[in-house]
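So the structure is just underneath, and the comments pick up after that.
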Amino acid sequence: MSTLTIRLPDTKHQRLKAFARARGVSLNKLVEEWATVALAQVDAENRYRLRAARGRPAAGLALLDKLDRTLGRRPARKKVPA
């Protein structure tokens, strides 16, 4: 496990400690949770970009249109040539 030192204004540090206390966790655990969320978002974006690069826009839009029809909504997208 690693140690991370950050510099924060005293007022921000106190507010974060109070926030963590209100959630019933330590400040360390709060920051660890935030880091986990941030990394999960980065991973999801990277997966999306990889799939988008390999994808076929026309096929994806057709699937969204099918979903709209299934849910009884009108497709709002313009058709993209295949």
Could you tell me which numbered condition Arg77 fails, if it satisfies all but one of (1) modelled with pLDDT of 95 or more; (2) open to solvent by 70 Å² or more (accessible area, probe 1.4 Å)? (1)
Among the residues of the stretch 6-32, the number that are among the polar types (S, T, N, Q) and not in a helix (DSSP H, G or I) is 1
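The values are calculated or read from the model by the stated rules, or taken from the named source; none is laboratory data. For clarity, every value in this text was computed on a predicted model and none was experimentally measured. Note: accessible area is taken over every heavy atom of the protein model, side chains too, but ligands, DNA and RNA are not part of it. Shrake-Rupley method; radii C 1.70, N 1.55, O 1.52, S 1.80 Å.
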